[in-house]
Amino acid sequence: MHFSIPDTQEFSQDNSGSSFTGFNIHINGSFHCCLRYKQLHSLHEQLKRSLPTLALPSFPPKKLLPLTPSQIEQRRISLERYIQLVGQDPVLCRSELLRAFLLNAQQESSFTECREASLDVFLMNGYRIMTKAFTTDCSSKVLEKACSLIDLPKEYTYYFSLYLVRNEPNGEVAIAKKLMDFEAPQISQKQWDDCKIVIRTSYWDANYDLELMRDRIALNLLYIQALSDVERGWILTSRDLSEQLTDLQARGNKREYLEIVRKLPLYGCLQFPRVCVDYPQANTMATVIIGNRELNLLTHYGKNIQETKFKVTRIRCWRVTTIHNNEELSSNSSSESREPGGNLELSFEYLMAKNQLKWITIYSEQSMLMSVCLQSIVDELLNQKNGSDINNVQTHQAEFAPLSYIRRDGSNYYITDSSSTDTLSSISDSNSTSNHQSNGSGKQPPPSNGTTSSSSSSSSSFIRRKLKEFNTTVRFKSGKDSVHNEAFEWIGDDDL
């Protein structure tokens, strides 16, 4: 996970006249939540208790006196560094406690009322699955509900994921982001204008297709995705092969269609719009394609196309950076004046030859999604190396240590189910244990629309800034921190 805290906002408490600072946390390029120092400190303490054998990053120390503006800025930097280290730790990233915390923080920051609502989930051919889900259900829960409505067997559910997909002005389709399990699709979708929630495969190794093709529904999902990718030009075919595929499509021979398409070079890849890259030379325009354990650049020279392949296992590290401009943040706060992910760049250090590393940069507003794709390829490689099943990261089945979630107003909630925020029980700060024990199942909806619990509703209210103001823009103070590739392989003498 890519964390950043680009800026802060001030909240006031009406009765007391005091104020406090909220830290705007972005994850994978999008605004996710706004948290107080004490909320992050509570998370840190609970992570320590739930993972006693793991050495956590040191947490920024408390201050007794009110902070000056410069001290607030220093705290922002320290908290950003802390949360970035958490995001780089593979054990912490898979922590159910962290995932539940982030899910509930998103719900609180968006002032989303927990209620059941209709949600449209689409297949790549535009087929709509009308789903009923809670507004605060996490991505895996929504995926399960959608897949059950099309009769996909449960054992195949997590071969797929939810994505946000948008139609570009030129008519092309672009993948905007992959919905992760620490976020609620109904909340995240509101941050991305004109995006649909779409089901696509979640893996990169086409060999997993063989298991899915044993089932009629799963095979149909693969066929719909492959057909869509061919029609959009994401999978390149020759004229003769295109005619053959059209004939198979007309005859409804889905299995044979898939058998042919699976052998094509760009099958199972994600394609990004043409962007500027600095390889093989500066200001080169290229199409970026990620898949098949590679990052490919298709460079256009007139009618000729040159393909350059970069193996993921030879990428030593990568980073996503952008320019942070305080004046821009203060003067252009509206979502209309802030382009999603503008001025982002993805840089990776590639092993060109033995002992010869070279940095290559891609300038794209989808750099964060590219980074997420690279990380998921690395995770899949490591899982395969360790002999893990594809569903090794099914967080919904893991044991969940209940989390005590502190809201910004100081009220406390006991989270008993990590997959949704509709199972929170309200407990007061002073006698949380007794309240939880006397509450039976301990399950009731959290206060809606950002209101506080009964014990504190009369004591404070917040000056709210719309979630839309922190739309899909990420800004880093610097770009010196890189993601280390655990699947990196040095070239030996035999490879030269």
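So the values come out like this:
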item	result
Links that overshoot a 29 Å alpha carbon limit, given the list LYS145/LYS385; LYS63/LYS141; LYS145/LYS178; LYS190/LYS303; LYS62/LYS190	LYS145/LYS385; LYS63/LYS141; LYS190/LYS303; LYS62/LYS190
Overall Cα dimensions of the stretch 18-62, principal axis frame, Å, largest first	34, 31, 15
Long-range tail of P(r) for the stretch 138-218 (Cα pairs > 17 Å, %)	50 percent
Accessible area (Å², 1.4 Å probe, nearest 10) - LYS311	100 Å²
Enclosed volume per residue, in Å³, of the convex hull spanned by Cα atoms of the stretch 43-124	183 Å³
Pairwise centroid distance, computed over Cα atoms, of the stretch 90-151 with the stretch 261-286, Å	31 Å
Relative contact order for the stretch 1-156, counting Cα pairs under 8 Å that sit 6 or more residues apart, in percent	17 percent
Rough spin-label spacing in nm, given labels placed 7 Å along Cα→Cβ, for ASN167 and GLN74	5.4 nm
Cα pair distances in the stretch 197-265, grouped into 10 Å bins until the bin that holds the longest one, percent each	19, 58, 23, 1
Volume per residue that the Cα convex hull of the stretch 1-152 spans, once the total is divided by residue count, Å³	155 Å³
Evaluated over the stretch 152-297, the Cα radius of gyration and Dmax, each in Å	16.5, 49
Rounded to the nearest 10 Å², the accessible area of CYS114 at probe 1.4 Å	20 Å²
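The values are calculated or read from the model by the stated rules, or taken from the named source; none is laboratory data. None of the values given here were measured: they were computed from a predicted structure. Using ideal geometry, Cβ is built from the backbone for each residue, glycine included, and neighbour counts are taken over all protein chains shown. These area figures cover heavy atoms from the full protein model, side chains too; ligands, DNA and RNA do not enter into them. Shrake-Rupley method; radii C 1.70, N 1.55, O 1.52, S 1.80 Å.
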